[in-house]
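Visitor: I am attaching a structure below and will ask some questions about it afterwards.
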Amino acid sequence: MASKSPAKSSHSRAQFTKWFAAIPEIKYEGPASDNALSYRYYNADEVIAGRKMRDWLRFGICYWHTFRGVAQDMFGPGTINRPWEDGSNSLSQALSRTEVVFDFISKLGLDFYTFHDRDVSPEGANVAETNKNLWAVAKRLKELQDASGIKLLWGTANMFSHPRFAQGAASSPSADTLAYCANSVKEMLDVSKFLGGESYVFWGGREGYNSLLNTNLKRETDHMARFFHMAVDYAKKISYKAQFLIEPKACEPTKHQYDFDAATSLCFLRGAGLDKHFKFNIEANHATLAGHDFVHELEVCVSNGVLGSVDANRGDVMNGWDTDQYPIDIRESAHALLVIMRNGGLGAGGFNFDAKVRRDSHELEDMFHGHISGIDTLARGLRIAAKILADGKIDAFLKERYSSYDKGIGKTIEDGKATFESLQKYILEKGDAAPLKSARQEYLENLFNSYC
Ligand code: XUL
Ligand code: CO
């Protein structure tokens with residue numbers, strides 16, 4: 001590996017393997033380009049609203065869908081056979097695959113990746129061997145990070161695939177399973193620190209229930225709280241300063257996931273005294289599973305100061321599954337970016353493509369088209385959101401709509417000085433509430449579209 005390492009650079013596009021030789025480097029060519037293997041909107045170093053596009057968007061490639069997914073579904077086996085895969089789940093295959101992953105990210109000119117422990121390394125015959133495998137791959141990943149300038153956005157532990165997690169991870173009725181999970185998260189926190197991961201994600205894969213007849217909800221959620229406290233304590237002990245993130249999801253795989261949505265999860269964190277240590281990783285398709293807009297979940301997080309990162313994808317409006325498709329809705333993207341820009345960005349988070357190609361998009365080129373499409377959708381959203389903010393009409397409308405709280409009686413309410421008696425006195429003197437102005441939804445929708 002060392003002999004193949006290119007010189008260290010912040011955004012090296014060097015290739016370690018031959019697998020993407022037929023694909024050109026994906027570069028910005030502008031909206032008029034008819035080259036499908038180019039960016040029409042994402043121009044990484046272009047400054048938009050005072051910040052480079054790459055720094056607003058902080059795109060990450062996910063290891064699991066992009067490099068471990070074979071497009072299997074419940075009706076048939078996988079259709080994807082990548083040429084670098086030897087069909088084994090061996091450590092040597094895990095090690096050689098790492099170079100392909102970095103080549104892919106480099107071809108796209110992106111800066112981050114994300115992974116679960118089991119995406120990058122196989123389980124061994126026992127826990128000790130499993131940990132050893134993880135560290136063998138982590139060391140290779142570190143070399144590739146150093147050589148390419150590509151960074152770890154966040155790491156996480158897969159505590160949902162193996163049958164030992166079938167009844168939950170930290171919420172399992174089995175204390176042994178919880179102990180197993182403690183090892184997984186402890187190792188992944190060490191590995192993530194070693195790799196400089198900026199955030200660390202907890203998605204409660206099987207933390208939930210399928211039937212309340214066999215479930216002690218209180219004990220299960222108390223155990224989850226204990227587990228998160230142990231994670232916080234351990235990160236503190238090893239001085240790992242990553243931002244911890246909960247990734248809410250309403251259902252799937254369980255009928256009811258405990259981290260249902262941002263508001264439910266925030267209530268859990270506050271009740272457990274954990275809210276100071278966590279923010280949220282909001283996944284668009286998880287929001288829709290909860291019956292919410294993606295933007296609703298972002299707003300709930302921003303208004304509580306807990307937006308951490310985004311898993312960029314979409315569902316299909318005609319069904320209720322977690323289809324994990326690449327985002328293509330430009331209006332949704334612009335609205336999401338508006339909320340994120342008002343928040344000052346994503347901080348230590350980014351846009352991780354938790355998305356996969358369809359079962360019938362099995363060719364290597366499709367990996368590129370999926371990502372290019374998602375990247376350009378979000379880049380276009382950023383450009384539109386910047387126009388909306390610069391124009392200022394929507395923000396001015398919002399300011400005016402709530403202006404009764406900026407002075408007089410409204411200000412006494414916001415300042416905490418009002419009482420029922422003082423408000424009663426005010427309204428008795430006035431005789432009735434002032435007539436409402438129109439909320440102008442149709443005007444705003446049309447105005448919003450005019451920027452797109
Ligand atoms: C599952 C999902 C996960 C998390 C990481 O729906 O989104 O891949 O993002 O565990
Ligand atoms: Co996700």
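The values are calculated or read from the model by the stated rules, or taken from the named source; none is laboratory data. Quick caveat: nothing in here was measured; it's all calculated off a predicted structure. All Cβ positions, even for glycine, are placed from backbone atoms using ideal geometry, and neighbour counts span all protein chains on display.
Visitor: State whether one or more residues within segment 147-170 are within 16 Å of ligand 2 (Cβ to nearest atom), touching a residue at least 12 places away in the same chain (Cβ under 8 Å) and either in a helix (DSSP H, G or I) or among the hydroxyl-bearing types (Ser, Thr, Tyr) (or both).
Guide: yes
Visitor: Return the only residue of GLU299, GLU283 being surrounded by 23 or more Cβ atoms within 10 Å (Cβ to Cβ) and not small (Gly, Ala, Ser).
Guide: Numbers: GLU299 fails: surrounded by 23 or more Cβ atoms within 10 Å (Cβ to Cβ).
None of the others qualify; the one that does is GLU283.
Visitor: Let me ask something else. Is at least one residue of segment 374-385 within 16 Å of ligand 1 (Cβ to nearest atom) and either surrounded by fewer than 20 Cβ atoms within 10 Å (Cβ to Cβ) or under 26 Å from HIS116 (Cα atoms) (or both)? Outline the logic, then answer.
Guide: Here is the first cut: in segment 374-385, the residues within 16 Å of ligand 1 (Cβ to nearest atom) are 374.
Cutting the leftovers down to either surrounded by fewer than 20 Cβ atoms within 10 Å (Cβ to Cβ) or under 26 Å from HIS116 (Cα atoms) (or both) gives us 374.
Yes, segment 374-385 contains a residue that is within 16 Å of ligand 1 (Cβ to nearest atom) and either surrounded by fewer than 20 Cβ atoms within 10 Å (Cβ to Cβ) or under 26 Å from HIS116 (Cα atoms) (or both).
Visitor: Here's a follow-up. Among GLU143, GLU123, GLU129, which is modelled with pLDDT of 95 or more, in a loop (DSSP other than H, G, I, E, B), more than 26 Å from GLU283 (Cα to Cα) and of a type in the set (D, E, K, R)? Before you say what the answer is, go through the steps one by one.
Guide: Values: GLU143 fails: in a loop (DSSP other than H, G, I, E, B); GLU129 fails: in a loop (DSSP other than H, G, I, E, B).
Only one candidate qualifies: GLU123.
Visitor: I'm told LEU274 meets every condition in (1) modelled with pLDDT of 95 or more; (2) over 30 Å from TYR240 (Cβ atoms) except one. Can you identify the failing condition by its number?
Guide: The one condition LEU274 does not meet is (2).
Visitor: Given ILE340, ILE328, which one is more than 16 Å from ligand 2 (Cβ to nearest atom) and either among the acidic types (Asp, Glu) or surrounded by fewer than 18 Cβ atoms within 10 Å (Cβ to Cβ) (or both)?
Guide: Working: ILE340 fails: either among the acidic types (Asp, Glu) or surrounded by fewer than 18 Cβ atoms within 10 Å (Cβ to Cβ) (or both).
After ruling out the rest, the residue left standing is ILE328.
Visitor: Would you confirm whether any residue within segment 316-332 is in contact with a Lys or Arg (Cβ under 9 Å, 6 or more places away or on another chain) and either at pLDDT below 95 or of a type in the set (Lys, Arg) (or both)?
Guide: The initial filter retains those residues of segment 316-332 that are in contact with a Lys or Arg (Cβ under 9 Å, 6 or more places away or on another chain), namely 322-330, 332.
Now narrow it down to the ones that are either at pLDDT below 95 or of a type in the set (Lys, Arg) (or both): 322.
Within segment 316-332, one or more residues are in contact with a Lys or Arg (Cβ under 9 Å, 6 or more places away or on another chain) and either at pLDDT below 95 or of a type in the set (Lys, Arg) (or both).
Visitor: Of the residues in segment 14-60, how many are without any contact (Cβ under 8 Å) to a residue 40 or more places away in the chain and within 21 Å of the chain's Cα centre (by Cα)?
Guide: 1
Visitor: Exactly one of these conditions fails for PRO327: (1) in contact with a strand residue (DSSP E or B) (Cβ under 6 Å, 6 or more places away or on another chain); (2) assigned to a loop (DSSP other than H, G, I, E, B); (3) more than 15 Å from ligand 1 (Cβ to nearest atom). Give me its number.
Guide: (3)
Visitor: Return the residues of segment 211-260 that are part of a helix (DSSP H, G or I) and among the basic types (Lys, Arg); say none if nothing qualifies. Break it down into steps so the answer makes sense when it comes.
Guide: In the first step, residues of segment 211-260 are kept if they are part of a helix (DSSP H, G or I); the result is 212-214, 217-237.
Listed by number, the residues that qualify are LYS218, ARG219, ARG226, LYS236, LYS237.
Yes or no, residue by residue, for (1) among the aliphatic types (A, V, I, L, M); (2) not in a loop (DSSP other than H, G, I, E, B):
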site: GLY305; (1), (2): no, no
site: MET318; (1), (2): yes, no
site: ALA334; (1), (2): yes, yes
site: GLY344; (1), (2): no, no
site: LYS356; (1), (2): no, no
site: MET367; (1), (2): yes, yes
site: HIS371; (1), (2): no, yes
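Visitor: Hey, does segment 211-231 have a residue that's hydrophobic (A, V, I, L, M, F, W, C), within 16 Å of ligand 2 (Cβ to nearest atom) and in contact with a helix residue (DSSP H, G or I) (Cβ under 8 Å, 6 or more places away or on another chain)?
Guide: Initial filter on segment 211-231 (hydrophobic (A, V, I, L, M, F, W, C)): 212-213, 217, 224-225, 227-228, 230-231.
Remaining after also requiring within 16 Å of ligand 2 (Cβ to nearest atom): none.
Checked segment 211-231: no residue is hydrophobic (A, V, I, L, M, F, W, C), within 16 Å of ligand 2 (Cβ to nearest atom) and in contact with a helix residue (DSSP H, G or I) (Cβ under 8 Å, 6 or more places away or on another chain).
Visitor: Please tell me if ARG140 is out of contact with any strand residue (DSSP E or B) (no Cβ under 8 Å at 6 or more places or on another chain) and crowded, with 21+ Cβ neighbours inside 10 Å. Let's see the steps before the verdict.
Guide: Numbers: out of contact with any strand residue (DSSP E or B) (no Cβ under 8 Å at 6 or more places or on another chain): yes; crowded, with 21+ Cβ neighbours inside 10 Å: no.
So ARG140 fails the test.
Visitor: List every residue pair whose Cβ atoms sit under 6 Å apart, with the two residues 6 or more apart in sequence or on different chains, where the first one lies in segment 305-322 and is without any contact (Cβ under 8 Å) to a residue 60 or more places away in the chain and the second, anywhere, is assigned to a strand (DSSP E or B) and within 11 Å of ligand 1 (Cβ to nearest atom).
Guide: Pairs found: VAL310/ILE282.
Visitor: I would also like to ask the following. Output the number of the condition that ASP233 fails; it satisfies all remaining conditions of (1) closer than 13 Å to ARG206 by Cβ; (2) away from ligand 1 (no atom under 16 Å from the Cβ).
Guide: Unmet condition: (1).
Visitor: When the residues of segment 268-303 are narrowed to those that are part of a strand (DSSP E or B) and among the charged types (D, E, K, R), which ends up nearest to SER171 (Cα to Cα)?
Guide: Start the filter on segment 268-303 by keeping residues that are part of a strand (DSSP E or B), which leaves 278-283.
Okay, now just the ones that are also among the charged types (D, E, K, R), so 279, 283.
Values: LYS279: 20, GLU283: 22 Å.
Of everything passing the filter in segment 268-303, LYS279 is nearest to SER171 (Cα to Cα).
Visitor: Could you check segment 343-377 and list, in sequence order, the residues that are of a type in the set (A, V, I, L, M) and either within 18 Å of the chain's Cα centre (by Cα) or within 16 Å of ligand 2 (Cβ to nearest atom) (or both)? Working first, answer last.
Guide: First, pick out the residues of segment 343-377 that are of a type in the set (A, V, I, L, M): 346, 348, 355, 357, 364, 367, 372, 375.
Correct list: LEU346, ALA348, ALA355, VAL357, ILE372, ILE375.
Visitor: Follow-up question, since we're still on this one. Going through TYR326, TYR402 one at a time, which residue ends up being of a type in the set (Ser, Thr, Tyr) and not assigned by TED's automatic domain parsing to the domain that holds PHE280?
Guide: Values: TYR326 fails: not assigned by TED's automatic domain parsing to the domain that holds PHE280.
Sole residue among the options that is of a type in the set (Ser, Thr, Tyr) and not assigned by TED's automatic domain parsing to the domain that holds PHE280: TYR402.
Visitor: Tally the residues that are touching a helix residue (DSSP H, G or I) at 6+ places or on another chain (Cβ under 8 Å) and assigned to a loop (DSSP other than H, G, I, E, B), restricting the search to segment 59-95.
Guide: Residues in segment 59-95 being touching a helix residue (DSSP H, G or I) at 6+ places or on another chain (Cβ under 8 Å) and assigned to a loop (DSSP other than H, G, I, E, B): 5 in total.
Visitor: If the Cβ limit is 6 Å and pairs must be 6+ apart or interchain, which residue in segment 336-362 that is away from ligand 1 (no atom under 16 Å from the Cβ) pairs with which residue that is among the aliphatic types (A, V, I, L, M) and not in a helix (DSSP H, G or I)?
Guide: ASN343/LEU307; ARG359/ALA71; HIS362/ILE80
Visitor: Buried (at least 19 other Cβ atoms within 10 Å of the Cβ), more than 16 Å from ligand 2 (Cβ to nearest atom) and under 25 Å from LYS132 (Cβ atoms), is that true of ALA242? Step through it out loud before you land on a result.
Guide: Values: buried (at least 19 other Cβ atoms within 10 Å of the Cβ): yes; more than 16 Å from ligand 2 (Cβ to nearest atom): yes; under 25 Å from LYS132 (Cβ atoms): yes.
For ALA242, the condition - buried (at least 19 other Cβ atoms within 10 Å of the Cβ), more than 16 Å from ligand 2 (Cβ to nearest atom) and under 25 Å from LYS132 (Cβ atoms) - is met.
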